[in-house]
Amino acid sequence: MDDYTWEKTIRKRRVRRRRQALLVLILVILALGAFFGWHLYAQKRTPEYALEQAAVAVQKKDADRFRHYVNLDLVTSRGYDDLTADLLSYDTTLTAVNKAAYEKFYITVKPQLTSGTQDTILRRVSSGEWSLPEGTDILKGRQLGIDYERFLARSQLRNTSFVGIGKVTEDGTTATAEIEVRDDWTGTVFTLEAAMEQATDGHWQVTYLKNYRDYLDAVTPLHNEDIAKYSEATKNIVASYNEKLTAYKARFAALSQTSSGTFTAEQKAGLEALVEKEVIPTLQARQQELASVEVPPGARYLADQRQRATELTLEAWQHFLTGIKNDDPDELALAETLNKQELAVDLRVDDIIRHTAISRNIPNLP
């Protein structure tokens, strides 16, 4: 074999080896791709992945993703049953007959309340803020006598923070996941047990919380204890100023009596002086004294509602003053609207202190 033929043979062998090496490399890449692809596919069909994606949905404000991994219909349905049972158990004012009536009542309004809660949760996910449903009279207590604001507060949703995911126990197409949460007001850490199911397409969903009622029973007594402490610490302030404000209401009623439907110049002057020089300063002084009292963590909601009631009252009186000074019926109507809203908050404050169920006769808000 001459040199040329030998070199040609060597070159062919080198090309063949390179092609074989390239083929092996391609096969390895394809195998690795198939492995990681399968691994990723399998990972997406685990309860852990679903829980992680639900948490990511909240972080990224992705309501559609959250709904995909959390079955809100079942979660809110089971949660509603637990919450209403818990509410009734803490209302010591109810007789057996009244309790039975309330149980039937809560069953009747369940579709509206669970639907509203789903909407509230999804808007919290998409916006990052808690807000009450808008444009739905039922959820504002106008038709059903439900104080939805307090219903939501009593659910502990707004003051519960996600801490982390714990142990996940899988059993076929069902699983139980431990989810650690914290009550932001009292700092209480609790492990919720989330029931999960695998859908027909393979992805997992949270379907309900097995021990949500236990969480309520762990946190609510702590809140009630703090509410009792705060109520005791502020009762003298509240009683003292209520006495003054009751006297002002009587004077206001006497000054505002009219047969013609309009105030005389003398009446206007008397009403303006009463409101500007006595009522408003008294309300401001009461709020200052209440603000000086240390609020136990679990009573934060009660303190906030008291402050809200004062804010509404002050705003109502300001619009009343503008209305009588300018003979503006719209301002007077707005003052009346704000006054009714304040009455609703006052009823809420009273129910919080007495630990009553959230269904009460609330004024129809304009």
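The values are calculated or read from the model by the stated rules, or taken from the named source; none is laboratory data. Predicted, not measured: the structure shown is a model, and the values here were computed from it. Cβ atoms come from the backbone with ideal geometry, glycine included; neighbour counts cover every protein chain shown. Heads up: the accessible areas ignore ligands, DNA and RNA and are worked out on the full protein's heavy atoms, side chains in. Shrake-Rupley method; radii C 1.70, N 1.55, O 1.52, S 1.80 Å.
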Taking only the alpha-carbon atoms of region 197-312, the convex hull volume per residue, in cubic angstrom, is 199 Å³
Please state the equivalent ellipsoid semi-axes for region 205-256: what are the square roots of 5 times the Cα gyration tensor eigenvalues, largest first, in whole Å? 43, 17, 5
For peptides 70-77, 184-191, sequence by mean Cβ density within 10 Å, most packed first: 70-77, 184-191
In nanometres, what is the gap between the two model label sites at Leu332 and Glu170, each 7 Å from Cα along Cα-to-Cβ? 7.1 nm
If the reach is capped at under 15 angstrom between alpha carbons, list the aspartates and glutamates near Lys340, excluding any in the same chain fewer than eight residues apart. Asp147, Glu311, Glu315, Glu331
So if I restrict to the alpha-carbon atoms in region 163-256, what is the Rg, and what is Dmax, the biggest pairwise distance, in Å? 24.1, 75
Give the carbon-plus-sulfur fraction of the accessible surface of region 106-241 in %, rounded to a whole number; probe 1.4 Å, heavy atoms of protein chains only. 48 percent
Dimensions (Å) - region 282-326, Cα atoms, principal axes, largest first: 44, 17, 6
So Lys104 and Glu311, fully extended at 0.36 nm per residue minus their Cα-Cα distance, gain in nm 70.9 nm
Can you give me the accessible area per residue for region 281-366, using a 1.4 Å probe, in Å²? 48 Å²
Show me 80-87, 126-133, 291-298 ranked by packing, highest mean number of other Cβ atoms within 10 Å first. 80-87, 291-298, 126-133
Out of Ser89, Pro111, Gly79 - ranked by how far each Cα lies towards the positive end of the dipole of region 52-111, with unit charges on the beta-carbon of charged residues - the top one is Pro111
